[in-house]
Amino acid sequence: MSFSVFLAGFSLSISLILAIGAQNAFVLKQGLKQQHVFVVCLICALSDAILITLGVAGFGVVVQQFPLIEQLARYLGAVFLFFYSALSFKSAFTTDHALQAKGKEVGSLLAATMTCLAFTWLNPHVYLDTFVLLGSISTQYEGQQAAFGLGAIFGSFVFFFSLGYGAKLLIPVFKKPKAWKVLEFIIGFVMAALGVSLLV
């Protein structure tokens, strides 16, 4: 296996995920709360692994031939993003909360899992990035597509687990209610903007 091809897949995967998006904001939020971090990171990384594998295997052609798949994900994703945006704005303006080391309220694992799956699989950009983009670029590495795909998958795992567990470094800041309100407002704005971008 060519390490340079593996590194190419790794770096491209990181660069695609790095942009602030709904999924990343949710992972960051769970990391700050220290709630179900491992499961959330694992769902994101495994979902990427499945999509990258299918993309490298040539299934990106399916998405291009059946645009209805992308359109359905676009509209369902927009509805979900607007809903989550509203929840974040409501929390920003009506709730006084800070991170507490003890006695903190823990959201259910099922709710975190379902929300994470929605952010991942109702995001049309994830299909374009993994299925189409990574899949098409992998064809440049004839005979080395597996190395490229493994690099991209490894990049996804490194990114999501670094984001989820690295968030704890910011916990001292978010013990202040004002900081949490600002984060909720930013997340609400990002979700709403992403929802609009899906429809425009």
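Here, each number is a calculation from the coordinates, and none is a lab measurement. Just so it is clear, the structure is predicted and the values come from calculations on it, not from any experiment. Don't worry about glycine lacking a Cβ; one is built from the backbone with ideal geometry, like all the others, and counts go over all protein chains shown.
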Spin-label pair Phe66/Val158, simplified geometry with 7 Å Cα→Cβ offset, distance in nm: 3.4
Angle between the chain longest axis and helix 67-94 axis [Cα atoms, degrees, rounded to 10]: 20
The chain: relative contact order as a whole-number percent, Cα under 8 Å and 6+ apart: 50
Among (i) 15.6, 45; (ii) 17.8, 56; (iii) 15.8, 50, the entry derived from the coordinates for Rg and Dmax of the Cα atoms in Å: (ii)
Separation between Cα centres of the stretch 9-45 and the stretch 153-184, rounded to whole Å: 9
Check: the chain dipole with +1 on Lys, Arg Cβ and -1 on Asp, Glu Cβ, in debye: 900
